[in-house]
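For reference, the structure is listed below as structure tokens.
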Amino acid sequence: MHSQDTEGLLLSRSRQANERLHALIPGGAHTYAKGDDQYPENLAPVISHGSGAHVWDVDGNRYIEYGSGLRSVSLGHAHPRVTEAVRRELDRGSNFVRPSIVEVEAAERFLATVPTADMVKFAKNGSDATTAAVRLARAVTGRSRVALCADHPFFSVDDWFIGTTPMNAGIPASATELTVSFPYGDLAATEELLTRYQDEIACLILEPATQTEPPPGYLAGLRDLADRHGCVLVFDEMITGFRWSEAGAQGLYGVVPDLSTFGKALGNGFAVSALAGRRDLMERGGLRDSGDRVFLLSTTHGAETHSLAAAMAVQATYVEEGVTARLHALGERLAAGVRDAAAAMGVGDHVVVRGRASNLVFATLDENLQPSQEYRTLFLRRLLAGGVLAPSFVVSSALDDADIDRTVDVVAEACAVYRKALDTANPTAWLGGRPVKPVFRRLA
């Protein structure tokens, strides 16, 4: 870093690059969660390159990075085994008029890693996979309503989900009216919903776990509810896939959904996602079923050879090197360090680490213990000043103990400022501009 003081953090080239980004790209990024509105004003670094658990911005500042690629780069940037697998395919062509042999090899590898599924179809992003699951569920049940978990923040860019958020401009109400919601962990409320819309709900879709572990018997209870009410159970394993176990949450908790979707960690940053599930359902999108055909997934780039090679390398690395266990160990060390640092600075009730060790997030609470964007801004400013880029505390396996220890030291410095702000009940003096904003909001 050029300076450990926030005001001395040199980001002039990043600021210029952000202006160029906003002039040409709506939102200045290709994912809303990467927008500069998610960072303190004038402190949104634009990345030049990354290696392992570190990234460098265009001004030359180096950061320890968390939440890499929105949780997709779980092995670290430019992981040698993954990049070598990709490199081998690049000279062999990436896309053909017929399936490549890599497609069946990737499918075999995936289904060996996630043995609870019978068939798999690859795509490029999570939204395509989850929307395909919804379409398939509607087709096999003959029902129109979708029930999603209200406590999970994101399922798809498509109308059936985005229409339920504050950013619903351009989405007909008729599309949103078919989506209903249920609370996580509450089987009684879910059963009441299924009864209220008896024979209308095509599927239950949820992340099997997030910041809290599933209550005992919950996932098995959902499985039973879906069976009794004749709807399809869909697990969105975009985040839990590989981070919970190599076979996802379904492999860890032993509850098998009808359909599941994977992505993010699957490609270590390369674009690949997957829809997996029961053969009798998946074949409705194939050529060996006698029913009405389902347009399941049909993507020009879904079987791009180097991305499938990346996925195979990722799966091999996870299994052979025990990556999931390493993610948990690193996360446990980080969580313990952050909690100790926050407690030592008198803000243990305000800077709160939550979630499974392999998927940590943090909450920033105000003097009334309410979530605060202002205090989040203050906290992020001090992290950035110390060379820590952390919209979350989601670890990659490329981190080492020295990275974790350095992060904890920077957190301690941030917590000291946090304490000062709490004592005055006025964090604005430490914001340096407007507060960070939530992604989903009606107006810019």
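The values are calculated or read from the model by the stated rules, or taken from the named source; none is laboratory data. The shown structure was predicted, so the numbers you read here are calculated from the model rather than taken from an experiment. Don't worry about glycine lacking a Cβ; one is built from the backbone with ideal geometry, like all the others, and counts go over all protein chains shown. Side chains are part of the model used for accessible areas, which takes the heavy atoms of the whole protein and leaves out ligands, DNA and RNA. Shrake-Rupley method; radii C 1.70, N 1.55, O 1.52, S 1.80 Å.
Worth a mention:
- Answer from Ser290, Ser307, Ser298 - the residue that is at pLDDT 95 or above, farther than 30 Å from Glu84 by Cβ and of a type in the set (Ser, Thr, Tyr): Ser298
- Taking the conditions (1) out of contact with any Pro (no Cβ under 7 Å at 6 or more places or on another chain); (2) closer than 27 Å to Ala325 by Cα in turn, Pro214 satisfies each one other than (1).
- Condition broken by Glu7, with the remaining ones in (1) surrounded by fewer than 12 Cβ atoms within 10 Å (Cβ to Cβ); (2) of a type outside the set (S, T, N, Q); (3) at pLDDT 95 or above satisfied: (3)
- Residue count for the range 185-229, restricted to those that are touching a helix residue (DSSP H, G or I) at 6+ places or on another chain (Cβ under 9 Å), under 15 Å from Ala150 (Cα atoms), among the polar types (S, T, N, Q) and in a loop (DSSP other than H, G, I, E, B): 2
- For the range 11-32, a tally of residues being in contact (Cβ under 8 Å) with a residue 12 or more places away in the chain, over 22 Å from Leu443 (Cα atoms) and loosely packed, with under 14 Cβ neighbours inside 10 Å returns 1.
- Meets criteria (surrounded by fewer than 20 Cβ atoms within 10 Å (Cβ to Cβ) and either part of a loop (DSSP other than H, G, I, E, B) or among the small types (Gly, Ala, Ser) (or both)) for Ala341: no
- Residue selection: Asp57 fails the criterion of being crowded, with 20+ Cβ neighbours inside 10 Å and within 19 Å of the chain's Cα centre (by Cα).
- Checked against (1) hydroxyl-bearing (Ser, Thr, Tyr); (2) touching a residue at least 60 places away in the same chain (Cβ under 8 Å); (3) surrounded by fewer than 22 Cβ atoms within 10 Å (Cβ to Cβ), Thr113 passes all but a single condition, namely (3).
- Among the residues examined, Arg62 qualifies as within 26 Å of Leu360 (Cβ to Cβ) and open to solvent by 70 Å² or more (accessible area, probe 1.4 Å).
- Only one of His306, His301, His328 that is touching a Lys or Arg at 6+ places or on another chain (Cβ under 7 Å), under 28 Å from Asn268 (Cα atoms) and not aromatic (Phe, Trp, Tyr): His301
- Residue match in the range 412-432 (condition: at pLDDT below 95, surrounded by fewer than 19 Cβ atoms within 10 Å (Cβ to Cβ), at positive phi and not aliphatic (A, V, I, L, M)): yes
- Looking across the range 361-396, the residues that are in contact (Cβ under 8 Å) with a residue 40 or more places away in the chain and among the hydrophobic types (A, V, I, L, M, F, W, C) come down to Val361, Leu378, Leu380, Leu384, Ala385, Val388, Leu389, Ala390, Phe393, Val394, Val395.
- Only one of Arg354, Arg376, Arg381 that is open to solvent by 10 Å² or more (accessible area, probe 1.4 Å), touching a strand residue (DSSP E or B) at 6+ places or on another chain (Cβ under 8 Å) and farther than 22 Å from Ala249 by Cα: Arg376
- Evaluation of Glu367 against (1) touching a helix residue (DSSP H, G or I) at 6+ places or on another chain (Cβ under 6 Å); (2) part of a helix (DSSP H, G or I); (3) more than 30 Å from Pro80 (Cβ to Cβ) (one fails), failing number: (2)
- If you go through the range 175-211 and pick out every residue that is at pLDDT below 95 and in contact with a strand residue (DSSP E or B) (Cβ under 6 Å, 6 or more places away or on another chain), you end up with 1.
- Meets criteria (touching a helix residue (DSSP H, G or I) at 6+ places or on another chain (Cβ under 7 Å) and open to solvent by 20 Å² or more (accessible area, probe 1.4 Å)) for Val140: yes
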